[in-house]
Amino acid sequence: MRPRIQLLTPELIGRILCEAFELLMSPGVRVGSAPVVALLRSAGIEVNDGVARVPESQARNCLASAPRDFYLYNRQGEKAVHYGGDDVHFDPGSCCVQMLDPDTLEARPSETRDLVRLIQVTETLPQFAAQSTAVVCNDAPSAIGDLYRLLVVLQYSHKPVVTGSFSAAGLQGMIDLLAADSGSRDNLRKKPRAVFDVCPSPPLNWSEFASHNLLDLARAGVPAEIVSMPLAGGTAPVTLAGSVTQHAAEVLAGITLHQLAAPGSPVVWGGAPAIFDMRTAGAPMGAVETAMLNMACAEVGKHLGLPTHGYLVATDSKFVDAQAGAESARSAMLGALTGINMISGAGMLESLACHSVEKLVIDAESIASAYRLVRGVEMRGETLATAMFAQTGLSGEFLKLKETRALFRQEQHLPSPVIDRNAPGSEPLSDAFTRARDRVNELVSMYQKPSLPEDVLRKFQSIVEREADRAGVASALHGK
Amino acid sequence: MCGGAQFLDSGPEYNSCLVSLIPGLICVGGSLSDQLFQAMRQSIIDGASDTATQLAQQALANGVDPIEAVNQGFAAGITFAGDQFGCGQMFLPDLLASAEAIKAAINILEPEMLKRGSQREALGKIILGTARGDIHDIGKNLVATILSASGFQIFDLGTSVTPEQFVAKAKEVDADIVGISALLTTTMAGQKAVIEALDRNGLRPRVKAIIGGAAVTQKWAAEIGADGYSRNAIGALELAKNLMSKVMNKGTA
Ligand code: B12
């Protein structure tokens, strides 16, 4: 039996959806732009003063056309991530603006070299099914910062990518990059390599930028991950159940827009819900209640039969310390036990503001443990113990059994040297951070950069030049 | 439902106990107006708008100078609340209730202040907004709450504010300080644009420009010629007070 955890009863999920549909009618949903209003009206949805009232029947129709599952593909065109069912995948957190320097222990503005290091480590770790555009590169022109991050990931990785754009205009360039990577827009639609995070603004507001991204993604057939982020008590009801309800309403509204634009286009019931810190107004990503919100939101999505996503494995600590380890490991377990399809956030410090490669390799160990946990206690062979005792009697010589040799690798997860188990050859008196630093260096030295065909690189180059022109920045970006 | 370990609930409400235990705030004896001021302070700390309103009315009925009522009573309460928030002893919902309560009291006292020609001086006029394209407003709102509770007059232009809007408002209200919040690396350029627009319109150096947001650093502040930056709302308050003393000194020099 696969172990799982369930926070919401079926009755409570019913109640959450019922109130979420009510919210879609009253107070309704703020919608930012003329094309969105036009699309809603053409479907018979009333929009007054920028507020749409979405009837349950309409939202339900759109839910019905949203796919139950889909795949992300790697550069080789193989299925690499299954969004659907109880499959669980992890990717590093996205979009940090700072990087923890492992030598000075200072957070400094992140740069291209940091993104490259994060990609290299993520590429080598099987715990991460996907890459993310993990940090903003402060050494590149910010006007095309979103495109630039994706360019770097595509040049350095084979894995699928979780990404997002910073503006309505920027999205097309990013889709073009992916299409160049896949060969064509049509190939990209058939075998998408990336999923884009799109965030409504709490409460119940689909801004112009976010809704345009949603429609453009739907029409391009590139998966959209709706990352609703109610902050319980600050931008959403203070109760966990109330925030889950608002989350459901925001995502339902997003799915409605998305499916009206292109029925059947892939979309994810995602989120980064958190509680609201009443002393600092911050969003404590490592709080257990934040994990509970992510779990509960995903449970609602699973109930509707949709692919799911959440933001976990992150911490509020500024250092890779005991707090970081405790918060990240606990939420990795909880997310896996919930069966969330894509769990973003590993590597992140300081409430999503700062990244650390050292934290990423420690989180990878927590993730491996979480995967082990959800495999559960398995039945292997005809009997549990009696057949083995028939061989050993009371001698206790289990080490000699062929079963032991055959099965221990499946039964036990063998951690990397990041985890201190006094393994032979390990530094006897080092701490996890020191070991993580060594491990990062080791993984970086194992990493191999993919070699991309010349014509793809040329296409990348011309897209970047075009987008740089559009954004009014000089392009001198290539050849990294 | 899933069973599992039972966790201890967090302890009693330390916060409210603490507030009523602050020495000097529980007044025993003293003159009638002392007692009244005391009650006023406590009403703000408790975030009790109704009580604050009643006390303001009572002050007017008793002929208490409204300026005195504010300075010795209500404002002392909000200063205390702000300090408690600053050291993590008071929580945002409480602070917001305190801010509402003082607003309610001042509303009652204002007509009498106007009649006596004794308007309470604001510490300074501050314009706040988030940079163009940025909808992150939680930090900006917190800064606005703290500054306004501490006696600054705040003009909050909301989110995604253009440089032209900042400039127009600064001219309109004769602002002392313009504060621009930006959380995205893409919108930080907007902070620079606002400062340039203030310069172009000849508003600086009289009008000070301050900035903040998750990715903002001292280095960035220096690079774009901002007059200050802060990592949090309490720091923003100190910054604004410091800048005001510079504004004042210039005014009298
Ligand atoms: C909550 C949040 C959101 C909410 C915002 C809700 C709201 N109404 O504000 C929502 C979900 C809408 C959101 C949307 C997006 N977000 Co956001 N968000 C955050 C998050 C987690 C917390 C921000 C916050 O509220 N902090 C708490 C407050 C109290 O802190 P603060 O804002 O820093 O303010 C304090 C100080 O900075 C200072 N201060 C602030 N302003 C000022 C002004 C002055 C004058 C002074 C003196 C001081 C000062 O005092 C404040 C109080 O202490 C941050 C991560 C982080 N830790 O910062 C990401 C973050 C800022 N977002 C990020 C991103 C990418 C986005 C999106 C682009 C996502 C997307 N693809 O759609 C959109 C952008 C929308 C837009 N155009 O603005 C990135 C930024 C990366 C980058 N490129 O710069 C971050 C870093 C997270 C991440 N790693 O992805 N986000």
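Answer yes or no as to whether A:ALA274 is open to solvent by less than 10 Å² (accessible area, probe 1.4 Å) and over 23 Å from A:ALA220 (Cα atoms).
When the stated conditions are applied, A:ALA274 passes them.
Check off (1) within 14 Å of another protein chain (Cβ to nearest Cβ); (2) modelled with pLDDT of 95 or more; (3) more than 19 Å from A:ARG53 (Cα to Cα); (4) assigned to a loop (DSSP other than H, G, I, E, B) for A:GLY264 and give me the number that stays unchecked.
(1)
Among the listed residues A:LEU214, A:LEU204, A:LEU147, A:LEU171, identify the single one that is touching a residue at least 40 places away in the same chain (Cβ under 8 Å), within 14 Å of another protein chain (Cβ to nearest Cβ) and in contact with a Gly (Cβ under 7 Å, 6 or more places away or on another chain).
Every option except A:LEU147 fails the conditions.
Return the total of residues in region B:51-64 being touching a residue at least 12 places away in the same chain (Cβ under 8 Å) and surrounded by fewer than 18 Cβ atoms within 10 Å (Cβ to Cβ).
Matching residues across region B:51-64 total 5.
Counting only residues that are more than 13 Å from the ligand (Cβ to nearest atom), in the same structural domain as B:SER245 (by TED's automatic domain parsing) and surrounded by 17 or more Cβ atoms within 10 Å (Cβ to Cβ), give me the helices (runs of 4 or more DSSP H) lying completely in region B:86-198 with at least 3 of them.
Counting at least 3 such residues, we get B:163-173.
Within region B:229-253, take every residue that is within 11 Å of the ligand (Cβ to nearest atom) and outside any helix (DSSP H, G or I) and give me the one that is most open to solvent (accessible area, probe 1.4 Å).
Selected residue: B:ARG231.
Could you grab me the full set of residues in region A:62-105 that are closer than 22 Å to A:LEU147 by Cβ and without any contact (Cβ under 8 Å) to a residue 12 or more places away in the chain?
Matches in region A:62-105: none.
Look through A:GLU106, A:GLU46, A:GLU56 and report the one residue that is open to solvent by 40 Å² or more (accessible area, probe 1.4 Å), acidic (Asp, Glu), away from the ligand (no atom under 16 Å from the Cβ) and within 14 Å of chain B (Cβ to nearest Cβ).
From the options A:GLU106, A:GLU46, A:GLU56, the qualifying one is A:GLU106.
List pairs: first in region B:90-110 and facing chain A (nearest Cβ under 10 Å), second open to solvent by 70 Å² or more (accessible area, probe 1.4 Å), Cβ under 9 Å, 6+ apart or cross-chain?
These pairs meet every condition: B:MET90/A:ARG279; B:MET90/B:ASP83; B:PHE91/A:ARG279; B:LEU92/A:ARG279; B:LEU92/A:THR280; B:PRO93/A:VAL238; B:ASP94/B:ASP46.
Taking region B:199-228, which residues are of a type outside the set (A, V, I, L, M) and more than 13 Å from the ligand (Cβ to nearest atom)?
Result: B:ASP199, B:ARG200, B:ASN201, B:GLY202, B:ARG204, B:PRO205, B:ARG206, B:LYS219, B:GLU223, B:GLY225.
Within region A:277-288, which residues are open to solvent by less than 10 Å² (accessible area, probe 1.4 Å) and either on the phi > 0 side of the Ramachandran plot or more than 10 Å from the ligand (Cβ to nearest atom) (or both)?
A:GLY286
The values are calculated or read from the model by the stated rules, or taken from the named source; none is laboratory data. Keep in mind that what you see is a predicted model, and the values were worked out from it rather than measured. Cβ coordinates were reconstructed from backbone atoms using ideal geometry, including for glycine residues, and neighbour counts include every protein chain displayed. Accessible surface is based on the protein model in full, side chains and every heavy atom, while ligands, DNA and RNA are left aside. Shrake-Rupley method; radii C 1.70, N 1.55, O 1.52, S 1.80 Å.
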